[in-house]
Amino acid sequence: AILPESPGSGFLAVYPDWRAWIEMALDEIVASGRKRPAILTAWNHGSAESTLDHLREALGARGLPQDAYLLQHTPGNDPGWGVHVVSLLAQLPSGKAPDALIIADDNLVDQATLAVAQSGLRVPADLAIIAHCNYPLVPPSNVPVRRLGFDVPSILHAC
């Protein structure tokens, strides 16, 4: 879906429906039997508070934990920070560690999956990963991931 927004700027901006994307990603996590997803974002759509509220609501609606340390944000313009965030998540003790990772920005996929590869976690045995993708451009990944994304040519055609 495409959501038109014009936050008082006088310009019309078109964004993919990120709320629907996270809902689909979480539905896939639940369907795979995972119970403790971590979410890594670099979103800059709307306020950080509304994004966090939506993530918590979507997790709660599926009976998934909403622990603050499982919901991480890193700058999209400097994806190298994703390595640090995912490295920390990978070191969590059993019972606290995520069993799934949702990488909700294609710019973070390479570095976040590098951290998973370096951690020694087995994918998908230890950690299932869903990675955002803007088709047809597929970001590189250092471990197997399930790609879920938007068809950019269709978005451009709609514009």
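Against the test of being open to solvent by less than 70 Å² (accessible area, probe 1.4 Å), touching a His at 6+ places or on another chain (Cβ under 8 Å), farther than 18 Å from TRP18 by Cβ and aliphatic (A, V, I, L, M), the options ALA128, ALA90, ALA104, ALA115 yield a single qualifying residue, ALA115. Of all the residues in the range 135-159, those that are part of a strand (DSSP E or B) and open to solvent by 40 Å² or more (accessible area, probe 1.4 Å) number 5. The lone criterion from (1) in contact with a Pro (Cβ under 9 Å, 6 or more places away or on another chain); (2) modelled with pLDDT of 95 or more left unmet by LEU89 is number (2).
Every residue in the range 77-87 that is open to solvent by 60 Å² or more (accessible area, probe 1.4 Å) and of a type outside the set (D, E, K, R), please.
Narrowing the range 77-87 to residues open to solvent by 60 Å² or more (accessible area, probe 1.4 Å): 77-78, 81, 84.
Selection gives ASN77, TRP81, HIS84.
The residues of the range 93-109 that are closer than 15 Å to ASP78 by Cβ and out of contact with any helix residue (DSSP H, G or I) (no Cβ under 8 Å at 6 or more places or on another chain), listed by number, are ASP105, ASP106, ASN107, VAL109. Of all residues in the range 55-74, those being open to solvent by 60 Å² or more (accessible area, probe 1.4 Å), over 19 Å from GLY33 (Cα atoms) and not in a helix (DSSP H, G or I) number 1.
The values are calculated or read from the model by the stated rules, or taken from the named source; none is laboratory data. Only a predicted model underlies this, so the values are computations on that prediction, with no experimental measurement involved. A quick note on method: Cβ atoms are made from the backbone with ideal geometry, for glycine too, and the neighbour counts reach across all protein chains shown. Ligands, DNA and RNA are stripped out before the accessible areas are found, and what is left, the full protein with its side chains, is counted by its heavy atoms. Shrake-Rupley method; radii C 1.70, N 1.55, O 1.52, S 1.80 Å.
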